[in-house]
Amino acid sequence: MKRLAVFASGTGSNFQAIAQACADGTLDARVALLVCDKPGAPVVEKAQAFGIESFVFNPKAYGSKAEYEADIVKKLDAQKVDLVCLAGYMRIVGEVLLGAYDGKIINIHPSLLPAFRGAHAVEEAVAYGVKVYGITIHWVNADLDGGKIIAQKAFEYDGDDPAEVHRIGQKIEHKLYVETIKQLI
Ligand code: GAR
């Protein structure tokens, strides 16, 4: 059975979808670790509810990205993690983590990449007047939202409410992330 780590910074609805799919057997995998860079984020309680171990850290308590990523790598190694799933982890992955888990890290992003990279993809797309939105799952490399695409799903929306786009997109994300992990493992 493959061992997953999920990285998240906030709500954790994708974490929840992945953990639930592991719990009910939809995925033949186990979430071995949550990694969260925001102490007090709602995702931490979600991990507790599933009985999933978490590594919660405050980046400001470290001297550098390399230092906190070295701690993350220790936790991933200890849990013998096969696949790292970034799910709303709002940090750029650095060379320490990439070096140790190259080719084993995927990310979900709320746009049809390569359009609208970065942390405000939906807001920027709405401001641009986009009519076809989407979700992308891709391999993580050193470029922000730049690795090879694994899966995409598009949807149409002709309005100006980013919250509505997030709502529609997240329903798609939860399904697409579980389906994609299933294929990969
Ligand atoms: C998700 O919609 C994900 O696509 C986005 O953060 C959200 C996290 O939601 N990620 C990015 O914007 C990465 N650039 P969640 O905490 O409810 O899973």
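No lab work stands behind these numbers, since they all come straight from the coordinates. A quick note: this is a predicted structure, and the numbers were derived from the prediction, not measured. With ideal geometry, Cβ positions are generated from the backbone for all residues, glycine too; neighbour counts draw on all protein chains shown.
Distant-in-sequence amide contacts of G88, defined by a placed amide H-H separation under 5 Å and a gap of 5 or more residues or a different chain, comprise I108. Extension gain, Y128-E45: 0.36 nm per intervening residue step, less the Cα-Cα distance, totals 26.3 nm.
Per-residue packing, averaged as other Cβ atoms within 10 Å, sorts the ranges 110-118, 124-132 into the order 110-118, 124-132, beginning with the highest. Here the simple spin-label model places points 7 Å from the Cα toward Cβ, and for D160 and L144 these points are separated by 2.6 nm. For the stretch 5-105, the spread of Cα positions along the three principal axes, ordered from largest to smallest, is 40, 29, 20 Å. Working from label points 7 Å from Cα in the Cα-to-Cβ sense, the M1 to K175 distance is 2.7 nm.
Divide the volume of the convex hull of the Cα atoms of the chain by its number of residues and quote the answer in cubic angstrom per residue.
So the per-residue Cα hull volume is 110 Å³.
Rounded, prolate or oblate, given the Cα gyration tensor of the stretch 110-185, with a/c below 1.5 counting as rounded? Here the stretch 110-185 falls in the oblate category.
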